[in-house]
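Asker: Have a look at the structure that comes next, please.
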Amino acid sequence: MRRETRFTAVQPQTWKRVYERDNHRCVLCGKSGVLQAAHFVPRSHGGLGREKNLIMLCADCHRRYDQTDERDAIRAELREYLQGLYPDWDEKELKYRKEMER
């Protein structure tokens, strides 16, 4: 496994904490049931698998976030949500950097 992959992957215990933090519901539409931990900063851009970078989304909202022109509006809503949860939240700290390996 590449080192970067280890940092961007979501560990089961992290997934569970985020699931509980988000009250077992999609943070966009409120749907419960089968949910996905979505990265605010995408894994493809080095987004870390940490609580401050994850939000619970249903499959439909996750697809809308990843694959539609609604992305910017959804991203703004998710940024506000995460900033409300974490006063020290900083998007720049959510990306993998080589120095993390040391």
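Asker: What ³J(HN,Hα) values, in whole Hz, does the Karplus curve 6.51 cos²θ - 1.76 cosθ + 1.60 give for segment 49-57 when θ = phi - 60°, with x put for Gly and Pro?
Answerer: x, 10, 3, 5, 10, 10, 9, 7, 10
Asker: Could I ask something else about it? Rounding to the nearest 20 debye, state how big the charge dipole of the chain is about its Cα centre with +1 on each Lys and Arg Cβ and -1 on each Asp and Glu Cβ.
Answerer: Dipole about the Cα centre, nearest 20: 480 debye.
Asker: Under the rule of at least 5 residues apart or a separate chain, name every residue whose amide H is placed under 5 Å from the amide H of Leu54.
Answerer: Hits under the 5 Å cutoff: Phe40.
Asker: Are any of the pairs Lys52/Lys95; Lys16/Lys52; Lys31/Lys92 more than 21 Å apart by Cα-Cα distance, and if so, which?
Answerer: From the list (Lys52/Lys95; Lys16/Lys52; Lys31/Lys92), the Cα-Cα distance tops 21 Å for Lys31/Lys92.
Asker: What are the equivalent ellipsoid semi-axes of the chain, built from the alpha-carbon gyration tensor (square roots of five times its eigenvalues), in whole angstrom, biggest first?
Answerer: 22, 15, 14
Asker: So, one more: Kindly write out, for segment 67-81 in residue order, the coupling ³J(HN,Hα) from the Karplus curve 6.51 cos²θ - 1.76 cosθ + 1.60 (θ = phi - 60°), rounded to whole Hz, with x marking Gly and Pro.
Answerer: The phi angles translate into 10, 10, 6, 7, 3, 4, 5, 5, 4, 4, 5, 5, 4, 4, 4 Hz.
Asker: Applying a 10 Å radius around every beta-carbon, put 41-52, 25-36 in order of their mean neighbour count, most first.
Answerer: 41-52, 25-36
Asker: Any idea what the relative contact order of the chain is, in percent, if you count C-alpha pairs under 8 Å spaced at least 6 apart?
Answerer: 29
Read-outs: derived from the displayed coordinates by stated rules, not from any lab. It should be emphasised that the depicted structure is a prediction, and the values quoted were computed from it without experimental measurement. Backbone-built Cβ (ideal geometry, glycine too); neighbour counts: all protein chains shown.
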